[in-house]
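Asker: The structure follows.
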Amino acid sequence: MDAEFLLGIDIGTTATKAILIDASGGLAAEAARPASLHTPQAGWAEEDPLEWWENLCAVIPECLEKSGAAASQVRAVGVSGMVPTTILVDRVGNPLRRSIQQNDARSHAEIAYFKTHADHAEVFRRTGSAITQQSIGPKLLWIARNEPERFAAATWVMGSYDYINFRLTGQPALERNWALESGLFDLEKEVWIDELLELAGIKRSQLPPVFSSSQVIGAVSAPAARETGLAEGTPVVAGSADHVASAFSAGIKDNGDLLVKLGGAGDILYSLDRLEVDPRLFIDYHVIPGLYLLNGCMASSGSIIKWFRNNFAPDLDYSELDSEASRIPAGSDGLVLLPYFIGEKTPVFDPLARGVLLGLTLQHTKAHIYRAILEGISFGFFHHLQVLEERGFGVRRVRVANGGARSQLWRQVTADVIGQPLEEVANHPGSSLGAAFVAGMGVGAFDDWSEIEKYIRIASTTVPNPDNHEKYLQLFGVYRDLYRANKGIFLQLAQAEGLVRAAEH
């Protein structure tokens, strides 16, 4: 009998990735192509859905070639991606503009409009989501106000992996985590809230049907087969939000399991077997039915590291920067970074927040600044752990994944700041692995969700340095005060730049 494979695709912030796995626990092939983040104005974050599709049409044939698999041996396809991105699609399936990303902060005026025209507490009670820069409604309202012709031409509104699924199958569909994180969806009744849709200016008919992660939504169409190299008729499941798929594929599935994702954005996910919401955090459906994930998402994380290296140390690679910064003591000799470079989502929800580097002297070097960036990002993660602690949610174990987990220094700084051992998932393919496994569950290739353990190996455990942790506890107070002291100044900056009017806040 010929081997059967499962294809997982991830539409990520910095890259489009694909992976082929077999049901025995083996990884057959993987491939990736870079994706471009566009920031044409301060606080804006956009990507090109057509670039994702072009990448997809390159990485799938590459995976098939590397593995030696025939397209007919791919039993199912699962796609994960950034959530909740906003994509307008016309009647023939073309995106009408670049996507507005989940960390885009342009819709501050529309957020204020929503807050004055809807009961904020009632919206949170019904949706599990606060009205923030991540909310889909204000972003749609921004497009309606600023790009009315494009808005009027929209047949569908969908997210990143939903768009790719649409291109693969021709069937419009939404995976339920996009619906949940949109802030327009009733969490208990699992239906759209008409009064919020009206505020955003869209109709229910513009929102495709909602599916759970492992449900089959359609099959690869003939045109998509010609472009991607897949076999026509291959089942496609609804897929998953990237951070949810990544958490599952790292083994986050029991109460108290916590994942820290050191990626372009910073995610922290906490597993629960009951529905609990907190206005400082997001709530997600786990890919495993009946489970949930409390989700913290920092708008900027590894993207700050990339920005620093590209602009201030282009002659050094990241390992050289790590080496230099490892010789700097904990606390970076008095430097503290606030990592709100494109506003911040959880737990402060402030689209006007900015990055701040406090404590500079003539003795500081680029190595000090680089280490302060790692520490500032880690303070952001620790802030989320404090929220969990306040709610009485204990941490059973912490795993770390994504590209930044390969940096021993970043792992150590993170462990020292949060005061918890970090289990590094070895060679973790991330969301694409979770998407492939979800596809397998959707077509019966696996019997139980616990079989994900066949694909997981812990490479190392990074133990926190207790002395460094005590130092960081002191500096964390400075980190928190730094935001409180500057919150009003961030508003003044935005007003000076014409981004907001004084009457809006």
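Where a number appears in this text, it was derived from the coordinates with a stated rule and is not lab data. Not measured: the values here are computed from a predicted model. Every residue, glycine among them, receives a Cβ derived from its backbone with ideal geometry; neighbour counts consider all protein chains shown.
Asker: For K66, give me every one of the lysines with a C-alpha distance below 23 angstrom, ignoring sequence neighbours fewer than eight places off in its own chain.
Answerer: Reachable lysines: K17, K454.
Asker: Under the rule a/c < 1.5 gives rounded, and otherwise a/b versus b/c splits prolate from oblate, where does the stretch 5-243 land using the Cα gyration tensor?
Answerer: It comes out prolate by the Cα gyration axes.
Asker: Another question, then. Return the FRET efficiency for the residue pair Q495, D2: r is the Cβ-Cβ distance, R0 is 45 Å, and the value is rounded to the nearest 0.05. Let's see the in-between values first.
Answerer: Details: r = 64 Å, r/R0 = 1.43.
The value I calculate is 0.10.
Asker: Find how many whole Å separate the alpha carbon centroid of the stretch 1-54 from the alpha carbon centroid of the stretch 303-359.
Answerer: The distance from the Cα centre of the stretch 303-359 to that of the stretch 1-54 comes to 26 Å.
Asker: If the only charges are +1 at each Lys and Arg Cβ and -1 at each Asp and Glu Cβ, what is the size of the charge dipole of the stretch 5-243 around the Cα centre, to the nearest 20 debye?
Answerer: The dipole magnitude comes to about 180 debye.
Asker: Jot down the per residue volume, in cubic angstrom and as a whole number, of the convex hull over the alpha-carbon atoms of the stretch 97-179.
Answerer: Hull volume over Cα atoms, normalised by residue count, gives 104 Å³.
Asker: Tabulate in residue order the Karplus-calculated ³J(HN,Hα) for the stretch 214-226, using 6.51 cos²θ - 1.76 cosθ + 1.60 with θ = phi - 60°, rounded to whole Hz; enter x for Gly and Pro.
Answerer: Here the 3J(HN,Hα) series is 8, 6, 6, 9, x, 9, 4, 7, 4, x, 5, 4, 5 Hz.
Asker: Here's another thing I want to ask about it. Full-extension gain between A70 and D317, please, as 0.36 nm times their residue separation minus the C-alpha to C-alpha distance.
Answerer: My answer for the length gained is 85.1 nm.
Asker: Let me ask something additional. Which residue, chosen from P40, Y472, A265, occupies the Cα position most advanced towards the positive end of the dipole of the chain, where the dipole is computed from +1 (Lys, Arg) and -1 (Asp, Glu) charges on Cβ about the Cα centre?
Answerer: It is P40.
Asker: Run the numbers on the stretch 5-243 and let me know its relative contact order in percent, using alpha-carbon pairs under 8 Å that are six or more apart.
Answerer: Working: 534 pairs, mean separation 51.4, N = 239.
RCO, the stretch 5-243: 22 percent.
Asker: May I ask which of K253/K471; K115/K203; K253/K306 have a Cα-Cα span longer than 27 Å here?
Answerer: Distance filter (> 27 Å) returns K253/K471; K253/K306.
Asker: If you don't mind, there's one more thing I want to ask. For the stretch 63-87 and the stretch 417-433, what is the separation of their Cα centres, given in Å?
Answerer: Rounded to whole Å, the Cα centres lie 23 Å apart.
Asker: Taking θ = phi - 60°, what integer Hz values does the Karplus form 6.51 cos²θ - 1.76 cosθ + 1.60 yield along the stretch 30-35, in sequence order, with x for Gly and Pro?
Answerer: Once θ is set to phi - 60°, the couplings for the stretch 30-35 become 8, 8, 8, 9, x, 10 Hz.
Asker: Another question about this same structure. Please state the shape class of the stretch 416-499: rounded when a/c is under 1.5, otherwise prolate if a/b exceeds b/c and oblate if not, all from the C-alpha gyration tensor.
Answerer: Oblate shape, in that a/c is at least 1.5 and b/c is the bigger or equal ratio.
Asker: Tell me what the chain gives for mean residue ellipticity at 222 nm when only DSSP H runs of n ≥ 4 count, each as -39,500 (n - 2.57), the sum divided by the residue total, rounded to 500 deg cm²/dmol. Don't skip to the answer; put the middle values down first.
Answerer: Values: 16 runs with 189 residues, N = 505.
Roughly -11500 deg cm²/dmol at 222 nm, from the helical runs in the chain.
Asker: Residue by residue through the stretch 370-380, which ³J(HN,Hα) values in whole Hz follow from phi under the Karplus form 6.51 cos²θ - 1.76 cosθ + 1.60 (θ = phi - 60°), with glycine and proline marked x?
Answerer: 4, 5, 4, 4, 4, 5, x, 4, 5, 4, x
Asker: Quick one: grab the alpha carbon gyration tensor of the stretch 163-255, order the square roots of its eigenvalues as a ≥ b ≥ c, and give me rounded if a/c is under 1.5, else prolate or oblate depending on whether a/b is larger than b/c.
Answerer: oblate
Asker: Report relative contact order for the chain in percent, whole number only (criteria: Cα-Cα under 8 Å, sequence separation at least 6).
Answerer: With pairs under 8 Å counted, the relative contact order is 16 percent.
Asker: Within the P(r) computed for the stretch 1-133, what percentage of the Cα pairs occupies the region above 20 Å?
Answerer: I get 58 percent for the Cα pairs in the stretch 1-133 exceeding 20 Å.
Asker: Can you tell me the dipole magnitude for the chain around its Cα centre, using point charges on the Cβ only (Lys, Arg +1; Asp, Glu -1), in Debye to the nearest 20?
Answerer: So the dipole magnitude of the chain works out to roughly 720 debye.
Asker: Can you give the charge dipole size of the stretch 340-432 about its Cα centre, rounded to the nearest 20 debye, using +1 on the beta carbon of Lys and Arg and -1 on the beta carbon of Asp and Glu?
Answerer: Value, rounded to 20: 220 debye.
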